[in-house]
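The values are calculated or read from the model by the stated rules, or taken from the named source; none is laboratory data. This structure is a prediction, so every number in the text was calculated from the model and none was measured. Positions of Cβ are generated from backbone atoms using ideal geometry, with glycine treated the same way; all protein chains shown enter the neighbour counts.
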Amino acid sequence: MSRDRYDAIVVGARCAGSPTAMLLARQGYRVLVVDRARFPSDTVSTHLLHPPGVAALRRWGLLDQLTATGCPAIHTYAFDFGPFTIAGAPGTPDTPVAYAPRRTALDQLLVEAAAEAGAEVREAFSVQEVLVADGRVTGIRGQGGNGRSVTEHARVVIGADGRHSLVARTVAPRQYHQQPPLLYACYSYWSGLPMDGRFQTWVRPDRAFAAWPTHDDLTLVIGGWPSGEQEANRTDIEGNLLKMLELAPDFADRVGGATRVARLVGAAVPGYFRRPYGPGWALVGDAGYNKDFITAQGMHDAFRDAELCATALHQSFSGTLAFEGAMAAYQATRDAQVLPMYELTSQLATLQPPPPELAELLAAIHGHQQAMDEFAQVMAGVRSPAEFFSEEHVRHLGIG
Ligand SMILES: Cc1cc2nc3c(=O)[nH]c(=O)nc-3n(C[C@H](O)[C@H](O)[C@H](O)COP(=O)(O)OP(=O)(O)OC[C@H]3O[C@@H](n4cnc5c(N)ncnc54)[C@H](O)[C@@H]3O)c2cc1C
């Protein structure tokens, strides 16, 4: 214990890592957070931050800083199913809107908040090895900008290092609810394509695409097809994207009159849950739990993990609870909160038409404003899909 220079070392400083470091540092712990990136730094991710993520920023005292960056608010989510569109308000009275901040802006703000809270931040620092002794993680070995190899020790090493987590690869946690990549999607930014505070998505057979506003008067457009088609589509990603947009001719016309200002970027990701703790280690964000991005839950899930994990570690460090008990509660809470959304997300990511019962229900939701708002809240992660689609609630809304 005496050689531990830090209480916690956090590997990765984006949506999961910086808030975890910030929250632990605010409790007075000695925290080191490292990232191989130098911020501001972009990453392969679109960045719709639903109201629960916005609420977390407000709780942490960071929302004003986000709005000061000039990021436009998103007050309406619209889901165009072809024959009808469900349009509703995604938020709650406290947090009525979403934002879609560029990751260059959001991640930088989070890194600065971690430093401000007292965490030591090392950018351009790459972790090459997670140190293990007697079955327990004890620290990291890595390299900073000067190329020198550095070793650091801590009571706990937290992997906030994303889907290809070195921490997870080292500790090889149990994985469950696994899914192969279901969907391939590509996205870019357009100017001259105003969205007037709306997130809009179009659902078509074997295709889904969406658009929403972000910084600098730009609009992000993303479109996806089943990952099984990727091999055939990869030689002309742009052509296939534009062909897909023609399934909504008005929108395709608007995109045709706008200007793409960045290159197209694409990805397909697997789904999994990983046990997020063990002797001397913890996982937060994508390192511990990942799902398809079609429902855009990743950033606020990472925020939730940061709060749950930091709380559990505080309970353990302060002697209120044993590490095992505190971290088991973190895992159980995470899993219970995200599983219904994970299942819905995995179903949507197949891009298959909804089963007939659900199709009927969606048609009934259309035009019923409370039901449309609640549907938008389900997709925003504000309201549980299990609760919303329950027979009792459907009856209560008078739509089933
Ligand atoms: C195409 C796509 C679209 C998406 N769209 C959305 C969306 O609209 N809304 C949403 O909420 N989510 C979205 N997501 C998901 C979202 O990007 C992730 O859930 C979120 O970024 C997870 O944050 P994280 O901090 O866990 O991991 P990451 O953002 O992956 O950050 C991990 C960090 O760890 C660092 N790192 C890794 N290994 C090392 C190492 N060995 N040494 C040092 N540093 C290391 C990396 O440099 C990186 O900065 C999308 C994802 C994809 C792929």
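General remarks:
- Considering residues of the range 15-42 that are small (G, A, S), within 11 Å of D107 (Cβ to Cβ) and surrounded by 24 or more Cβ atoms within 10 Å (Cβ to Cβ) only, the residue nearest to the chain's Cα centre (by Cα): A16
- Restricted to the range 259-274, and to residues there that are part of a loop (DSSP other than H, G, I, E, B) and buried (at least 17 other Cβ atoms within 10 Å of the Cβ), the residue that is farthest from the ligand (Cβ to nearest atom) is A268.
- Per-region count, the range 121-177, residues more than 27 Å from the chain's Cα centre (by Cα), within 13 Å of the ligand (Cβ to nearest atom) and of a type outside the set (A, V, I, L, M): 5
- Criterion (small (G, A, S) and either crowded, with 24+ Cβ neighbours inside 10 Å or within 13 Å of the ligand (Cβ to nearest atom) (or both)) met by exactly one of G61, G12: G12
- Condition met for P101 (touching a residue at least 40 places away in the same chain (Cβ under 8 Å), in a helix (DSSP H, G or I), within 16 Å of the ligand (Cβ to nearest atom) and surrounded by 19 or more Cβ atoms within 10 Å (Cβ to Cβ)): no
- The condition (being farther than 30 Å from T295 by Cα, in contact (Cβ under 8 Å) with a residue 24 or more places away in the chain and not charged (D, E, K, R)) is satisfied by just one residue among I158, I140, I74: I140.
- Sole residue being touching an Asp or Glu at 6+ places or on another chain (Cβ under 8 Å) and part of a helix (DSSP H, G or I), chosen from A312, A302, A306: A302
- One residue alone among A349, A386, A364, A371 is farther than 30 Å from V156 by Cα and at pLDDT below 95, and that residue is A386.
- Taking every residue in the range 275-300 that is under 19 Å from R136 (Cβ atoms) and pairing it with any residue that is surrounded by fewer than 24 Cβ atoms within 10 Å (Cβ to Cβ) and of a type in the set (D, E), at least 6 positions away or on another chain, the pairs with Cβ-Cβ distances below 9 Å are Y277/E324; P279/D134.
- First in the range 34-55 and at pLDDT below 95, second anywhere and more than 7 Å from the ligand (Cβ to nearest atom), Cβ under 7 Å, 6 or more apart: none
- Qualifying residue in the range 211-220 (condition: free of Cβ contacts under 8 Å to residues at least 40 places away in the same chain, within 16 Å of the ligand (Cβ to nearest atom) and either within 30 Å of F323 (Cα to Cα) or not basic (K, R) (or both)): yes
- Inspection of the range 111-118 finds no residue satisfying the criterion of being away from the ligand (no atom under 12 Å from the Cβ) and of a type in the set (V, I, T).
- Considering the range 32-58, and only residues there that are of a type outside the set (K, R) and in a helix (DSSP H, G or I), the residue that is nearest to the ligand (Cβ to nearest atom) turns out to be G53.
- Among the residues of the range 192-226, the one identified as out of contact with any Leu (no Cβ under 6 Å at 6 or more places or on another chain) and hydroxyl-bearing (S, T, Y) is T201.
- Taking the listed residues Q347, Q331, Q337, Q377, the one that is closer than 24 Å to L49 by Cα, free of Cβ contacts under 8 Å to residues at least 24 places away in the same chain and polar (S, T, N, Q) is Q347, with no other qualifying.
- P90 being assigned to a loop (DSSP other than H, G, I, E, B) and surrounded by 17 or more Cβ atoms within 10 Å (Cβ to Cβ): yes
- Here T151 meets each of (1) more than 30 Å from G278 (Cα to Cα); (2) surrounded by fewer than 22 Cβ atoms within 10 Å (Cβ to Cβ) with one exception, condition (1).
- When P96 is tested against (1) surrounded by 23 or more Cβ atoms within 10 Å (Cβ to Cβ); (2) over 21 Å from L283 (Cα atoms); (3) away from the ligand (no atom under 15 Å from the Cβ); (4) of a type outside the set (D, E, K, R), exactly one condition is not met: (1).
- Test: W202 is more than 13 Å from the ligand (Cβ to nearest atom), part of a strand (DSSP E or B) and in contact (Cβ under 8 Å) with a residue 12 or more places away in the chain: yes
- Extreme residue, farthest from the ligand (Cβ to nearest atom), among residues of the range 281-299 that are in contact with a Leu (Cβ under 9 Å, 6 or more places away or on another chain) and not in a helix (DSSP H, G or I): A282
- One residue alone among D161, D236, D216 is over 18 Å from T345 (Cβ atoms), part of a loop (DSSP other than H, G, I, E, B) and of a type outside the set (S, T, N, Q), and that residue is D161.
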